[in-house]
1. For segment 60-99, give me the residue count where each residue is within 18 Å of the chain's Cα centre (by Cα) and assigned to a loop (DSSP other than H, G, I, E, B).
2. Out of the residues in segment 1-40 that are of a type in the set (Lys, Arg) and touching a helix residue (DSSP H, G or I) at 6+ places or on another chain (Cβ under 9 Å), state the one that is nearest to Gly118 (Cα to Cα).
3. Going residue by residue through segment 105-125, is there one that turns out to be in a loop (DSSP other than H, G, I, E, B), buried (at least 17 other Cβ atoms within 10 Å of the Cβ) and modelled with pLDDT under 90?
4. Looking at Gly59 and the list (1) within 17 Å of Glu105 (Cα to Cα); (2) touching a helix residue (DSSP H, G or I) at 6+ places or on another chain (Cβ under 6 Å); (3) touching a residue at least 60 places away in the same chain (Cβ under 8 Å), which single condition is not satisfied?
5. With respect to Val24, is the statement that it is aliphatic (A, V, I, L, M), under 16 Å from Cys140 (Cα atoms), modelled with pLDDT under 95 and out of contact with any Cys (no Cβ under 8 Å at 6 or more places or on another chain) true?
6. Looking only at segment 70-82, decide whether some residue is basic (Lys, Arg) and within 19 Å of Asp13 (Cα to Cα).
7. Using the structure shown, decide if Leu128 is buried (at least 18 other Cβ atoms within 10 Å of the Cβ) and either at positive phi or not in a helix (DSSP H, G or I) (or both).
8. Can you name every residue in segment 32-53 that is surrounded by 12 or more Cβ atoms within 10 Å (Cβ to Cβ) and without any contact (Cβ under 8 Å) to a residue 60 or more places away in the chain?
Amino acid sequence: MEERLRERGISLDELVEAGMEMYVPDPEVGGKKKVGSRLKEEMARALKDVNVASLILAGMKLEDDGDSVPGLRGEYRNDPVQLIADEILGIQIATYIAGSRALFEFERIDRRKPGILGKLPPFLDDVLGGLIAGCLVKVCSK
């Protein structure tokens with residue numbers, strides 16, 4: 001899965017950086033260096049999960065074919081308000097990884113679009129935002 005992301009110009013380190021922009025320091029969880037290292041490990045593990053990988057691949061396929069979705073021709077790249085399937089995929093990834101607490105984190109990430117997420121098209125920013133949200137909550141909950 002990491003290779004598929006690299007093919008699209010997305011590195012695991014960039015995803016970790018985006019996640020760390022959202023981390024609110026907590027002495028009980030650890031400093032940024034420790035949390036960043038744990039976040040990278042958790043993301044690498046999640047990307048090997050069959051269900052996480054399947055949902056991310058679905059997002060990639062939808063990204064490739066976005067202009068073919070009925071009712072979106074010509075406006076897909078602008079992330080139109082009627083398109084919510086991207087958020088649904090992101091939410092499912094986040095909650096699959098870390099349960100319902102990850103929903104709040106996904107919403108924070110979706111609004112702010114930290115780091116590389118702000119440069120990605122509609123489906124990728126949300127599926128990877130879900131990955132970051134789920135993994136960050138999981139790391140901070142241990």
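The values are calculated or read from the model by the stated rules, or taken from the named source; none is laboratory data. Here the structure is a predicted model, which means the values were calculated and not measured. Here Cβ is always computed from backbone atoms with ideal geometry, including for glycine, and neighbour counts include all displayed protein chains.
1. Looking only at that region, the number is 4.
2. Looking at residues that are of a type in the set (Lys, Arg) and touching a helix residue (DSSP H, G or I) at 6+ places or on another chain (Cβ under 9 Å), I get Arg8.
3. No, segment 105-125 has no match at all.
4. Single failed check for Gly59: (1).
5. So Val24 fits the description; yes.
6. Filtering segment 70-82 for residues basic (Lys, Arg) gives 73, 77.
Still in the running and within 19 Å of Asp13 (Cα to Cα): none.
Within segment 70-82, not a single residue is basic (Lys, Arg) and within 19 Å of Asp13 (Cα to Cα).
7. Values: buried (at least 18 other Cβ atoms within 10 Å of the Cβ): yes; either at positive phi or not in a helix (DSSP H, G or I) (or both): no.
Against the criterion (buried (at least 18 other Cβ atoms within 10 Å of the Cβ) and either at positive phi or not in a helix (DSSP H, G or I) (or both)), Leu128 does not qualify.
8. Of segment 32-53, the ones surrounded by 12 or more Cβ atoms within 10 Å (Cβ to Cβ) are 35-47, 49, 51-53.
Of everything in segment 32-53, those that are surrounded by 12 or more Cβ atoms within 10 Å (Cβ to Cβ) and without any contact (Cβ under 8 Å) to a residue 60 or more places away in the chain turn out to be Gly36, Ser37, Lys40, Glu41, Ala44, Arg45, Asp49, Asn51, Ala53.
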